[in-house]
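A short worksheet on the structure shown next.
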Amino acid sequence: MTNPATHRDAARHAFYERISTQNLTPLWLSLANLVTPEPRSPCQPAAWRFADIRAAMMEAGGLISAKEAERRVLVLENPGLRGQSKITTDLYAGVQLVLPGEVAPAHRHTQSALRFVLEGTGAHTTVNGERTIMHEGDFIITPPWAWHDHGNESPDPVFWLDGLDIPLVQFLDASFMQHHQEDEQPLTRPVGDAEARFGANLLPVDHKGKGGTSPVFNYPFARTREALEHMRKASEWDPCHGLKMRYTNPATGQHAMATIGTFVQLLPRGFVTAAYRATDATVFAPIEGKGRSIIGDDFVVEWQKRDIFVVPSWKHVRHEAEDDAVLFSFSDRPVQEALHLFREDRGNA
Ligand code: GTQ
């Protein structure tokens with residue numbers, strides 16, 4: 001006599017095998033992994049020291065030119081997502097190097113890109129016919145489907161952090177890209193045109209804010225830093241964030257980019273933040289000062305200027321600033337807000 005339970009299991013197993021040939025599968029075996037009580041991500045806390053990335057990039061600089069590579073970038077792969085060019089589940093990050101005299105040739109794609117300048121002054125990127133000069137700490141946007149090429153006429157190498165929505169666009173199967181016929185696109189506007197037109201609390205009288213991407217494509221660090229310095233005098237510190245601002249599209253007040261939220265925060269020397277968690281996995285890039293962040297229960301990052309680290313969805317993070325510190329960060333928050341999925345937990349703070 002076979003045990004009734006064994007008989008039942010065998011019948012179920014045979015059923016699963018049979019329906020599998022029809023591309024059918026039972027939900028009851030996977031429901032608990034699909035619909036979880038809280039976010040459960042393969043994305044892990046992770047950190048990279050700029051000194052290590054820089055050394056590897058200089059080696060890459062001797063192995064391949066920006067022109068041959070098209071983009072000479074080392075991708076920051078989340079250790080829980082290896083082989084997928086992802087720093088979080090839906091965002092990509094890399095560090096790009098342009099050596100003196102090089103050009104990274106013009107192309108365009110439906111993915112949105114941000115550049116956060118880590119080291120070097122005087123390189124440039126051209127976006128839709130307008131060139132902007134890159135300085136350390138500048139946040140620069142390449143909107144979707146905008147022609148862009150990068151160059152470096154300065155005597156020093158330039159390094160920046162690239163943040164793109166590559167995995168999100170891949171998930172949506174919405175990738176298109178084209179190469180320009182010239183390495184460098186023609187310049188059709190003077191340097192500084194977008195900042196004058198859209199970045200001076202003015203808008204062209206008939207400008208329609210269509211949403212999407214900010215018409216300001218360079219948010220210079222000098223202005224950002226000055227704003228933070230002014231605000232600290234009022235000393236309204238958020239227990240979870242210190243003094244944290246978001247970059248905005250001046251025509252709409254919304255996030256500067258449609259798919260990527262971008263932020264900058266000041267943590268004064270000695271400030272310790274209260275534990276905070278949110279559903280938007282976030283990439284942090286300190287640009288001034290040093291300190292440490294504790295992610296989840298026990299992942300401790302000792303960071304300084306130009307290092308990069310990741311806080312996964314719904315993992316607690318606490319920051320401690322040893323010196324006055326400025327942190328740039330980015331996440332998929334605009335997407336989650338648009339879909340009414342964004343949640344945060346400030347503890348009691
Ligand atoms: O500079 O256009 O890191 O197209 C990845 C893809 C940078 C760029 C990246 C890109 C670029």
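Determine the gain in length on full extension of the stretch Ala56-Lys210; use 0.36 nm per residue of separation and subtract their C-alpha separation, reporting nm with one decimal. Display every interim value, and only then the final one.
Numbers: separation 154, 0.36 × 154 = 55.44 nm, distance 4.12 nm.
Contour length minus the Cα-Cα distance gives 51.3 nm.
Which FRET efficiency, nearest 0.05, do Asn128 and Val75 yield, Cβ-Cβ r, R0 25 Å?
Values: r = 26 Å, r/R0 = 1.03.
Rounded to the nearest 0.05, the efficiency is 0.45.
Tell me, rounded to the nearest percent, the portion of alpha carbon pairs in segment 21-149 spaced more than 21 Å apart.
Details: 4441 of 8256 pairs.
In whole percent, the long-distance tail amounts to 54.
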Give me the distance in nm between label points sitting 7 Å out from Cα along the Cα-to-Cβ direction at Arg8 and Asp193, one decimal. 7.3 nm
Extent along principal axes [Cα atoms of the chain; Å; largest to smallest]: 87, 52, 49
Name the most mobile residue of Asp307, Asp52, Asp149, meaning the one with the largest mean-square fluctuation, in a Gaussian network model of the chain with Cα contacts below 10 Å. Asp52
From Cα coordinates alone, what are the radius of gyration and Dmax values for segment 259-335 in angstrom? 11.6, 34
GNM top mover of Asp324, Asp297, Asp332 - the chain, alpha-carbon springs below 10 Å: Asp297
Principal axis dimensions, largest first and in whole angstrom, of segment 124-280 by Cα: 52, 42, 36
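Give the average over all directions of the projected area of the C-alpha convex hull of segment 135-198, one decimal, in nm².
Working: hull surface 25.3 nm².
So the Cα hull casts an average projection of 6.3 nm².
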Rg/Rh over Cα atoms for segment 220-349, Kirkwood Rh, comes to 0.94
Among the aspartates and glutamates, which have Cα under 19 Å from the Cα of Lys233 when same-chain residues fewer than 8 positions away are ignored? Glu288, Asp323, Asp324
Under a straight-distance cross-link criterion of Cα-Cα below 18 Å, which lysines are reachable from Lys290, leaving out those fewer than 8 residues away in the same chain? Lys244, Lys305
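Please get the size of the charge dipole for the chain, origin at its Cα centre, with Cβ charges of +1 on Lys and Arg and -1 on Asp and Glu, quoted in debye to the nearest 20.
Working: 35 positive and 44 negative charges, 187 e Å.
Dipole of the chain, to the nearest 20 debye: 900 debye.
More than 16 angstrom separation, counting every C-alpha pair in segment 1-91; what % is that?
Numbers: 3042 of 4095 pairs.
So the portion of pairs separated by more than 16 Å is 74 percent.
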Straight-line reach from Lys86: which lysines have Cα under 21 Å away, leaving out those fewer than 8 places along the same chain? Lys315
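Restricting to DSSP H runs of at least four residues, report the calculated mean residue ellipticity at 222 nm for the chain, -39500 (n - 2.57) per run over all residues, nearest 500 deg cm²/dmol.
Values: 8 runs with 69 residues, N = 349.
It lands at -5500 deg cm²/dmol.
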Full-stretch length increase - Glu322, Tyr16 - with 0.36 nm per residue and alpha-carbon distance subtracted: 104.4 nm
Where the chain is the region considered: accessible area per residue in Å², 1.4 Å probe: 51 Å²
Tell me, what is the percent relative contact order of segment 1-123, built from C-alpha pairs under 8 Å that lie six or more residues apart? 19 percent
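Once you have the Cα-Cα distance between Glu229 and Thr36, take 0.36 nm times their residue separation minus that, and quote the gain in nm to one decimal. Working shown, then result.
Values: separation 193, 0.36 × 193 = 69.48 nm, distance 4.25 nm.
Length difference between fully extended and current span is 65.2 nm.
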Does a label point 7 Å from the Cα of Thr121, set along Cα-to-beta-carbon, have any residues of segment 208-250 with amide nitrogen under 19 Å, and which are they? 218-229
Relative contact order (percent, whole number), the chain, Cα cutoff 8 Å, 6+ residue spacing: 15 percent
Take the solvent-accessible surface of the protein heavy atoms, probe 1.4 Å, and return the percent of it on the chain that carbon and sulfur atoms account for. 53 percent
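The values are calculated or read from the model by the stated rules, or taken from the named source; none is laboratory data. Bear in mind the structure is a predicted one, so any value in this text is a computation, not a measurement. In this analysis, Cβ positions are derived from the backbone assuming ideal geometry, glycine residues included, and neighbour counts consider all displayed protein chains. These area figures cover heavy atoms from the full protein model, side chains too; ligands, DNA and RNA do not enter into them. Shrake-Rupley method; radii C 1.70, N 1.55, O 1.52, S 1.80 Å.
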